[in-house]
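Please treat every number below as a calculation from the coordinates, not as lab data. A quick note: this is a predicted structure, and the numbers were derived from the prediction, not measured. Cβ atoms come from the backbone with ideal geometry, glycine included; neighbour counts cover every protein chain shown.
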Amino acid sequence: MRSFEYLRPTSLDEAVKLMAKHGRKARVLAGGQSLLNMMKLRIASPEYLVDLCELDELTTAEADSRQGLRIGAMVTYHQLQKSGLLNSAYGMVGDALEVIADEQVRHVGTLGGSCCQADPHGDTPNVVVALEAEMEAVSSKGRRLIRAGKFFAGLLETALASDEILVNIRLPQQPASTGSAYEKFAWRKGDYAIISAASLITLGNGGQCARASMVIGSARSSPLVLGRAPSVLVDKKVTPEVIAKAAEAAFEEVEPEADAIYGSSEYKKELVRTLAERSLLSAWKRTQRGIN
Ligand SMILES: Cc1cc2nc3c(=O)[nH]c(=O)nc-3n(C[C@H](O)[C@H](O)[C@H](O)COP(=O)(O)OP(=O)(O)OC[C@H]3O[C@@H](n4cnc5c(N)ncnc54)[C@H](O)[C@@H]3O)c2cc1C
């Protein structure tokens, strides 16, 4: 690891000033679970590390019945799991947190850090995109909201400027009778995903599907939002048979990239079908139960 200067601001204002001063030479430090490994491997060699650990305002999460969930960027996976905020509509977030790494990583890794890491095999980017989150960023130029669908810009790349700090992840309030679920396939529990699927279903008054969405993870360098698979469900009475058809549409729609570590495109395509079906079934069950 190359040497660097460790900076520990005690307010967001100070952190913003440090990022404005040092720009590309600086990196924000959250849980350090990815960044420190990259520094040890010399994939990243920042001259300044701006640790956000003293910024209490980034470590809280709250629910608002109109605005939905606001999750501070420094909220750890473990904190979010224990928060009691993840009801059936946000069920996919709870599912994703359960399958990330292990207890040690989940105690220090943060939601903001994992989104900013933008690892194509990471879990959280898929769920924030599927839930149409807004990512709130701050810099010396002010605050701005970036739609999650536009936030992930490719392999380890986000839409953040080099001096911007992600401060909140805002998950919009979901209509009643919404259920969501996340399914991941990895060789061992806690490994990075080979393929994953995040699905959401909202039922209308007559019990038919009013809205559906699906995101496939690890198939490309950023989360893949599907169009055809959800459209199979919309305006139909949801049944296991309709869900199987939607999963088939997902299989047809996704052309995963092959890679030397995780396998061929054909292999991953089969996983897409299986995980799409499982996540839809689970999201549908949650629309009926109303609990996570
Ligand atoms: C053994 C192991 C197994 C893992 N398995 C999985 C897994 O199965 N699934 C999965 O999704 N992840 C996995 N991870 C990664 C883990 O989820 C990390 O915690 C996460 O990727 C980064 O979160 P962090 O808080 O540690 O961020 P850091 O490592 O501190 O930062 C990551 C990057 O984001 C930037 N950053 C962090 N916070 C902000 C912010 N607020 N504003 C702007 N930039 C910011 C940093 O500068 C850095 O570039 C694993 C990690 C380990 C060590």
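Worth pointing out:
- Count Lys and Arg as plus one, Asp and Glu as minus one, and take only other residues whose Cβ is under 13 Å from that of LYS25; the net charge is then +1.
- For the range 146-246, the direction-averaged projected area of the alpha-carbon convex hull comes to 8.2 nm².
- Helix axis angle, 12-22 relative to the chain longest principal axis, alpha carbon, degrees: 70
- 27 Å Cα cut-off, lysine pairs counted over the range 178-286 (separation 8 or more, or different chains): 20
- Helix axis angle, 240-253 relative to the chain longest principal axis, alpha carbon, degrees: 50
- Considering the chain, its Cα convex hull presents a mean projected area of 14.6 nm².
- The alpha-carbon of LYS150 sits under 16 angstrom from the alpha-carbons of these aspartates and glutamates, leaving out residues fewer than 8 places away in its chain: ASP119, GLU132, GLU134, GLU136, GLU164.
- Put simply, when 166-176, 227-237, 260-270 are sorted by average Cβ atoms within 10 angstrom per residue, most first, you get 166-176, 227-237, 260-270.
- Contour minus Cα-Cα distance for LYS245 and ILE261 (0.36 nm per residue): 2.8 nm
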